[in-house]
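Every number here is computed from the coordinates shown, using simple stated rules; none is lab data. This structure is a prediction, so every number in the text was calculated from the model and none was measured. As a convention, Cβ positions derive from the backbone with ideal geometry for all residues, glycine included, and neighbour counts pool all protein chains shown.
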Amino acid sequence: MRTIDLSPLYRSFIGSDHLASLVDAATRTEKQSAYPPYNIELLAEDKYRITMAIAGFSQDDVTIEVQENTLTVAGKPQPQTDKEDRKFLHKGISEKSFERKFQLGDHVNVVGADMANGLLHIDMERVIPEAKKPKLIEIGNA
């Protein structure tokens, strides 16, 4: 694994320990499968949408959770009671459980989610608090 020397950042950034933890999280190689496929869209300057193709899952089968800038979407299909009666000639639609994690930027909030036609849409928005917005500092006379 390649290591990254962050010492130049510590010399020029105040509070870069947060930056270092973000870089560390991004370089970790967590094994995530390619299932389910998803898109990430930029809808407006501070509005985003994740769309996941989860055909065969109902709203009761899917959970969406946000904890410490990590969005976790998990799906667990309900057990089918009529599996014994079904014979497939070809089975290409997956019925397996999944868990997909997304790292959210600072001040990105999940504002809603809906599901239609086998697609799960998760809408997010970046809301910067007033305390974090730039402010003009006046220079006084000594």
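The order of SER94, SER33, going from fewest to most other C-beta atoms within 10 Å of their C-beta, is SER33, SER94.
Just to confirm a number: summing +1 for Lys and Arg and -1 for Asp and Glu over residues other than ASP123 whose beta-carbon lies under 9 angstrom from that of ASP123, what do you get?
0
In a reduced charge model with +1 at each Lys and Arg Cβ and -1 at each Asp and Glu Cβ, segment 47-98 shows a dipole moment near 280 debye about its Cα centre.
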